[in-house]
Amino acid sequence: MKRSSVINAMRLSAMVIMLCATASALAQSKFGTTAAPFLGIGMGARATAMGGAFAGQADDISALYWNVAGIVKSDKIRVGFGHTQWLVNTQINWAGATIPAGVAGTFGVAVTSLNYGNMEVTTLSNPDGTGETFSASDLSAQLSWAKSLSDRFSVGISLKLVNQNIFRTNSTAFALDVGFLYDTGLLPNGLKLGASVSNFGTQMRLDGEGLTVNFDQTGGRESGVNSNIPARLLTDQYNLPLIYRIGVSYDIVRDDQNRFTFAIDSAIPQDNAQTLNVGGEYAWKNIFFLRAGYNALFERDSEKGLTFGAGLRYNVASSVVLRFDYTFQTFGRLNPPQWFAVGLEF
């Protein structure tokens, strides 16, 4: 690795660290002030089991969410699918794929879907329900690209389409994710540093037939005026939940049979206070995995907490690998989400 490349990488990493530190100094809790909060739900059973401390690790298919620069970590085609029964009878499904393209880098796609199920329509005159039902859902689709600029430094970028639907209204926005991953070469097993900025994009505003009302311009003060003029309500615009992440990971133990990785992340979301995530992963012969972590340390009144998980990596053929991952995530007084993921490499 050329000395100039190392210096440039260190400068870029330092710049990201300063950006995150500045945002942290100004951070304050702003619950409910952004649209599409589902974008802040971490994807991937493995990363979730490690408490969400994955920006500096980011070496599997879920790097598409945590730090897109990490998708260059494999020279194989990867596909993955994840599912969880999320909070209050909602469901999350996630799917992604990455394809290496030699000197052109690595390309990826991912789709996240959050379904809220069917709910009863209630009104002031029918508080027990009108007999009608409505549904709500969130969707994010992304195209990603990453490239190694040297043997230790990689960058990545994702373009995302974000959509929210509720009853007869919907909203759409576009967003950008940027990630950096740097193997510092420090310490015997190489300390890794990662940073990402997620959901930098346009604002969202609900619109649709559900906002159509009958309007009387005179407020009923004049007779002979049409009091049923069709009109549409105009809602406010809201920012997407911008998130800064910076993390480090290190293999404390690494030999032919055993590996233990420790990772720590600082997350700075625009719609919440800064938190710290910590986690670890033990691997036996790169076949069986045990993981644990703690999500959202120092977040006041948080329901998040301990996470546990396990994984299995199985060679189906000489060049085909199948992965299974499971995670149990504690969530205070709410039902604990359980994450299931399956992946394929070939």
When Asp325 is evaluated against the numbered criteria (1) exposed (fewer than 14 other Cβ atoms within 10 Å of the Cβ); (2) in a strand (DSSP E or B); (3) of a type in the set (D, E, K, R), which criterion, by number, is the only one it fails?
-> (1)
Within the stretch 53-69, which residues are within 14 Å of the chain's Cα centre (by Cα) and either within 14 Å of Val248 (Cβ to Cβ) or among the β-branched types (Val, Ile, Thr) (or both)?
-> Ala53, Phe54, Ala55, Ala58, Ile61, Trp66, Asn67, Val68
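Rundown of residues vs (1) buried (at least 19 other Cβ atoms within 10 Å of the Cβ); (2) among the charged types (D, E, K, R); (3) in contact (Cβ under 8 Å) with a residue 40 or more places away in the chain; (4) farther than 14 Å from Ala47 by Cβ, yes/no style:
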| position | (1), (2), (3), (4) |
| --- | --- |
| Pro269 | yes, no, yes, yes |
| Leu276 | no, no, no, yes |
| Phe288 | no, no, no, yes |
| Arg291 | yes, yes, yes, no |
Among the listed residues Asn199, Asn165, Asn189, which satisfies the condition of being under 30 Å from Val253 (Cβ atoms) and assigned by TED's automatic domain parsing to the domain that holds Asp265?
-> Asn189
Quick count over the stretch 66-109, residues being in contact with a helix residue (DSSP H, G or I) (Cβ under 7 Å, 6 or more places away or on another chain) and among the hydrophobic types (A, V, I, L, M, F, W, C), is 2
Tally the residues that are polar (S, T, N, Q) and in contact with a Ser or Thr (Cβ under 7 Å, 6 or more places away or on another chain), restricting the search to the stretch 331-346.
-> 1
Do you know which residues across the stretch 268-305 are closer than 22 Å to Leu242 by Cβ, touching a helix residue (DSSP H, G or I) at 6+ places or on another chain (Cβ under 9 Å) and assigned to a strand (DSSP E or B)?
-> Ile268, Pro269, Asn295
Every listed condition ((1) without any contact (Cβ under 8 Å) to a residue 24 or more places away in the chain; (2) surrounded by 19 or more Cβ atoms within 10 Å (Cβ to Cβ); (3) polar (S, T, N, Q)) holds for Asn295 save (1)
Might you check whether a residue that is of a type in the set (Asp, Glu), under 24 Å from Gly179 (Cα atoms) and out of contact with any Asp or Glu (no Cβ under 6 Å at 6 or more places or on another chain) occurs anywhere in the stretch 229-239?
-> no
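The values are calculated or read from the model by the stated rules, or taken from the named source; none is laboratory data. Treat the numbers as computed from the prediction; the structure is a model and nothing was measured. Positions of Cβ are generated from backbone atoms using ideal geometry, with glycine treated the same way; all protein chains shown enter the neighbour counts.
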